[in-house]
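**Q** Right, I'll just put the structure down here and ask away after.
The values are calculated or read from the model by the stated rules, or taken from the named source; none is laboratory data. Since this is a predicted model, take the numbers as computed values, not measurements. Here the Cβ positions follow ideal geometry from the backbone for every residue, glycine too, while neighbour counts run over all protein chains shown. Note: accessible area is taken over every heavy atom of the protein model, side chains too, but ligands, DNA and RNA are not part of it. Shrake-Rupley method; radii C 1.70, N 1.55, O 1.52, S 1.80 Å.
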Amino acid sequence: MEAGLQPAGVEGVGGVQGVARSRVERVRRAKAPKAPRWVHPLVIVAALVPFVWVAFAMWSDVFEGTRYLGSEPIKESEHFTGKWALRFLLGCLAVTPLIRITKIGWLITYRRTFGLIAFFYACVHLTIYFGLDIELMWSNLVEDVLDRTYITLGMTALLLMVPLALTSTKASIRWLGNRKWTAVHRLVYVSAVLGVIHFYMAVKKDVREPLVFAAILATLFAIRWWYRRPVAGNKRAGDLASGG
Amino acid sequence: MLIRITPEHPIPSSEITPEGVYQDRRSFLKDAGILGVGLAATLAAGKQAGAQGGQGTSIGGAELKGELTPEEDVTSYNNFYEFGTGKDDPKPNAKNFKTKPWTIKVEGMVAKPATYSVEDFVSPSKLEDRIYRHRCVEAWSMVVPWQGFPMADFIKKVQPTASAKYVEFTTLNDPKQMPGLRFPVLEWPYVEGLRLDEAMHPLAFFVTGVYGKTLPNQNGAPLRIVMPWKYGFKGGKSIVKVRFTDKEPRTAWNIAAPDEYGFYANVNPEVDHPRWTQARERRIGELRRRETLMFNGYGSQVASLYSGLDLKKNY
């Protein structure tokens with residue numbers, strides 16, 4: 001596992017240049033096919049479409065009297081952004097398994113991208129909850145966080161993402177070093193689990209949708225476990241063991 | 001989408017209440033606006049002997065006329081799990097729901113157990129208009145102009161025996177027509193219940209129409225319950241069975257989550273739901289929350305039903 005940390009950690013920051021890596025790795029990288037340059041910006045724009053839409057719908061419902069978000073636009077936008085945060089968090093966690101399976105190395109770029117977009121949606125979710133749903137009432141916020149388990153968990157999930165977002169830059173990896181950085185970023189697993197439990201506990205009775213999220217998360221964990229499992233005589237097991 | 005609903009009552013409610021009365025109400029409200037809310041309350045209370053003090057809400061609810069929630073919201077934002085758990089599910093899923101013919105089985109501790117047709121209770125000429133506040137346990141609320149008849153009229157007609165203490169209402173359980181029943185989200189059929197004295201209260205209402213039209217399927221056609229001082233889930237929809245009993249009925253939400261939903265479910269800003277505060281609510285169509293009123297503003301009329309009862313325990 002230790003041995004595997006290095007290259008995977010390097011990959012882990014979206015193809016950071018200038019960090020030592022093995023010659024084999026360098027050759028493999030050079031030959032690896034890359035996506036066209038415009039793909040990444042396009043993905044980012046696409047990922048922000050739900051936000052732009054909900055912002056427009058909210059504005060229009062409130063000021064123009066439309067009904068894009070139904071009878072309770074505040075609740076609807078709150079749930080909408082919360083679910084998008086979880087989707088991108090799962091997307092972020094899907095990147096490494098996807099690379100394992102497809103061997104398409106350049107996908108790694110999207111791990112950071114999706115993680116940051118998930119954080120963005122989580123922040124919007126929190127803003128709608130605090131600003132519009134409970135109308136900036138600190139007493140209500142404190143009560144919710146202390147007494148209501150699903151909010152305690154949701155808030156924890158979001159707070160855990162803060163250090164990850166702050167250390168998502170190349171400079172942070174150099175500053176922390178690969179091993180420490182990787183260790184810190186394992187918090188994303190905790191955040192995802194808490195986020196899904198938060199969703200599960202928040203719904204009134206029909207838990208089918210949160211269970212879908214939970215099933216996807218479990219599948220992603222299972223794939224990780226599959227690739228990490230010690231296999232006697234299989235050199236790849238160690239090589240692929242870490243990261244993500 | 002606007003769905004035209006052909007009224008099934010021979011006489012539309014707008015004709016039942018003479019237009020003059022409506023006009024009168026409007027001018028009455030205008031005057032009230034000028035003279036101040038205090039006087040409005042007094043005037044409204046004057047219409048009904050039992051409605052002094054508190055929020056000054058009369059049984060007819062005329063003073064709420066200026067606060068009506070748009071019909072579009074009332075008929076498209078519905079909790080009716082038999083037609084799906086999303087609030088926008090019932091309207092499309094109940095489109096082809098058959099409400100004719102419809103029978104209601106009355107059984108248990110009652111002098112006249114029988115299977116009645118809705119028409120046995122609904123005489124169009126006797127339908128009343130009631131504008132009630134509607135407070136969902138999920139902390140949203142509406143103001144709805146219902147048409148229907150007092151539950152007490154129905155109860156008097158079927159004559160419960162002296163031993164009857166409670167009344168239980170059962171919603172239709174027909175998975176062929178109600179796609180929501182295919183999933184065990186709640187224990188089906190949906191059962192609700194009231195203490196007999198609650199059911200006899202003049203505010204307790206059987207509803208057959210809303211906004212002057214036959215009750216849309218998604219709102220619980222052809223017959224639903226409205227208990228304005230209780231959370232919305234106490235109002236069973238599409239009722240097929242009424243049973244009188246001496247034991248507290250096991251009710252659907254109480255079975256599903258006893259720590260979250262009690263038998264009484266009286267609107268109470270002081271007793272929070274475990275997952276959210278009940279102190280404030282969001283009126284549909286309004287951006288800011290408003291304070292939730294004790295017994296949803298009907299305290300002056302109903303509080304006496306619960307004297308000596310610990311409302312924190314009996315939530």
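**Q** Is there a residue in the stretch A:80-89 that is closer than 26 Å to A:Leu158 by Cα, of a type in the set (Ser, Thr, Tyr) and at pLDDT 95 or above?
**A** yes
**Q** Among the numbered criteria (1) farther than 30 Å from B:Ile284 by Cα; (2) touching a helix residue (DSSP H, G or I) at 6+ places or on another chain (Cβ under 6 Å), which single criterion is violated by B:Asp153?
**A** Every listed condition holds for B:Asp153 apart from (2).
**Q** Would you say A:Tyr121 is part of a helix (DSSP H, G or I), within 14 Å of chain B (Cβ to nearest Cβ) and among the aromatic types (Phe, Trp, Tyr)? Even if it seems obvious, please write down each step before you answer.
**A** Working: part of a helix (DSSP H, G or I): yes; within 14 Å of chain B (Cβ to nearest Cβ): no; among the aromatic types (Phe, Trp, Tyr): yes.
Spelling it out, it is not the case that A:Tyr121 is part of a helix (DSSP H, G or I), within 14 Å of chain B (Cβ to nearest Cβ) and among the aromatic types (Phe, Trp, Tyr).
**Q** Could you list, in sequence order, all residues of the stretch A:79-132 that are surrounded by fewer than 22 Cβ atoms within 10 Å (Cβ to Cβ), of a type in the set (S, T, N, Q) and in contact (Cβ under 8 Å) with a residue 40 or more places away in the chain?
**A** Matches in the stretch A:79-132: A:Thr109, A:Thr113.
**Q** If I filter the stretch A:148-169 down to residues being over 15 Å from A:Ala85 (Cβ atoms) and over 15 Å from the mean Cα position of the chain (by Cα), which single residue comes out as farthest from the other protein chains (Cβ to nearest Cβ)? Show your work before the answer.
**A** Our first condition is that a residue be over 15 Å from A:Ala85 (Cβ atoms); within the stretch A:148-169, this holds for A:148-149, A:152, A:163, A:166-169.
Subsequent filtering for residues that are over 15 Å from the mean Cα position of the chain (by Cα) retains A:148-149, A:152, A:169.
Details: A:Arg148: 6, A:Thr149: 8, A:Thr152: 11, A:Thr169: 38 Å.
Only one residue tops the list, namely A:Thr169.
**Q** Taking the criterion of being within 14 Å of chain A (Cβ to nearest Cβ), touching a residue at least 40 places away in the same chain (Cβ under 8 Å) and open to solvent by less than 40 Å² (accessible area, probe 1.4 Å), would at least one residue in the stretch B:89-96 satisfy it?
**A** yes
**Q** Which ones in the stretch A:62-74 are open to solvent by 20 Å² or more (accessible area, probe 1.4 Å) and either in contact with a helix residue (DSSP H, G or I) (Cβ under 7 Å, 6 or more places away or on another chain) or of a type in the set (A, V, I, L, M, F, W, C) (or both)? Quick ask: steps written out before the conclusion?
**A** So in the stretch A:62-74, the residues open to solvent by 20 Å² or more (accessible area, probe 1.4 Å) come out as A:62-68, A:70, A:73.
If the condition is that a residue be open to solvent by 20 Å² or more (accessible area, probe 1.4 Å) and either in contact with a helix residue (DSSP H, G or I) (Cβ under 7 Å, 6 or more places away or on another chain) or of a type in the set (A, V, I, L, M, F, W, C) (or both), then A:Val62, A:Phe63, A:Thr66, A:Arg67, A:Tyr68, A:Gly70, A:Pro73 are the ones that fit.
**Q** Separate question: Taking into account only those residues within the stretch B:270-283 that are more than 22 Å from B:Thr251 (Cα to Cα) and not aliphatic (A, V, I, L, M), which is farthest from the other protein chains (Cβ to nearest Cβ)?
**A** Filtering the stretch B:270-283 for residues more than 22 Å from B:Thr251 (Cα to Cα) gives B:270, B:277, B:279-283.
Applying the additional criterion that residues be not aliphatic (A, V, I, L, M) yields B:270, B:277, B:280-283.
Details: B:Glu270: 14, B:Thr277: 6, B:Arg280: 8, B:Glu281: 11, B:Arg282: 7, B:Arg283: 10 Å.
If we take residues in the stretch B:270-283 being more than 22 Å from B:Thr251 (Cα to Cα) and not aliphatic (A, V, I, L, M), then B:Glu270 is farthest from the other protein chains (Cβ to nearest Cβ).
**Q** Name the one entry in A:Trp181, A:Trp175 that is more than 12 Å from chain B (Cβ to nearest Cβ) and more than 19 Å from the chain's Cα centre (by Cα).
**A** Working: A:Trp181 fails: more than 19 Å from the chain's Cα centre (by Cα).
Of the residues listed, the single one that is more than 12 Å from chain B (Cβ to nearest Cβ) and more than 19 Å from the chain's Cα centre (by Cα) is A:Trp175.
**Q** A further question on this structure: On the basis of being open to solvent by less than 50 Å² (accessible area, probe 1.4 Å), hydroxyl-bearing (Ser, Thr, Tyr) and under 23 Å from B:Gln177 (Cβ atoms), does B:Tyr77 make the cut? First the steps, then the outcome.
**A** Working: open to solvent by less than 50 Å² (accessible area, probe 1.4 Å): yes; hydroxyl-bearing (Ser, Thr, Tyr): yes; under 23 Å from B:Gln177 (Cβ atoms): yes.
When the stated conditions are applied, B:Tyr77 passes them.
**Q** Now a separate question. Which of the residues that make up the stretch A:204-215 are open to solvent by less than 20 Å² (accessible area, probe 1.4 Å) and among the charged types (D, E, K, R)? If you could, list the steps in order and put the result at the bottom.
**A** Step one: of the stretch A:204-215, the residues open to solvent by less than 20 Å² (accessible area, probe 1.4 Å) are A:210, A:213.
Once the filter is applied, which keeps residues that are open to solvent by less than 20 Å² (accessible area, probe 1.4 Å) and among the charged types (D, E, K, R), the stretch A:204-215 yields nothing.
**Q** Another question about this same structure. Output the residues belonging to the stretch A:62-79 that are farther than 13 Å from B:Gly86 by Cβ and within 10 Å of another protein chain (Cβ to nearest Cβ).
**A** Of everything in the stretch A:62-79, those that are farther than 13 Å from B:Gly86 by Cβ and within 10 Å of another protein chain (Cβ to nearest Cβ) turn out to be A:Val62, A:Gly65, A:Arg67, A:Pro73, A:Ile74.
**Q** Restricting attention to the stretch B:243-262, and to residues there that are crowded, with 20+ Cβ neighbours inside 10 Å and among the hydrophobic types (A, V, I, L, M, F, W, C), which single residue is nearest to the other protein chains (Cβ to nearest Cβ)?
**A** Residue satisfying both the conditions and the ranking: B:Trp253.
**Q** Further question: Kindly list the number of the only condition in (1) away from chain A (no Cβ under 14 Å); (2) open to solvent by 40 Å² or more (accessible area, probe 1.4 Å); (3) in contact with a Lys or Arg (Cβ under 6 Å, 6 or more places away or on another chain) that fails for B:Arg289.
**A** (1)
**Q** Being under 11 Å from A:Leu217 (Cβ atoms) and among the small types (Gly, Ala, Ser) is the filter here; which residues of the stretch A:72-98 pass it?
**A** A:Ala94
**Q** Scan the stretch B:225-242 for residues that are among the basic types (Lys, Arg) and either in a loop (DSSP other than H, G, I, E, B) or open to solvent by 10 Å² or more (accessible area, probe 1.4 Å) (or both) and jot them down.
**A** First pass over the stretch B:225-242, keeping only residues among the basic types (Lys, Arg): B:230, B:234, B:237, B:241.
Hits for the stretch B:225-242 are B:Lys237, B:Lys241.
Quick grid of which residues meet (1) closer than 17 Å to B:Arg133 by Cα; (2) among the hydrophobic types (A, V, I, L, M, F, W, C):
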residue	(1), (2)
B:Tyr166	no, no
B:Leu172	no, yes
B:Pro184	no, no
B:Glu192	no, no
B:Ala204	yes, yes
B:Gly209	yes, no
B:Asn219	yes, no
B:Pro222	no, no
B:Gly232	yes, no
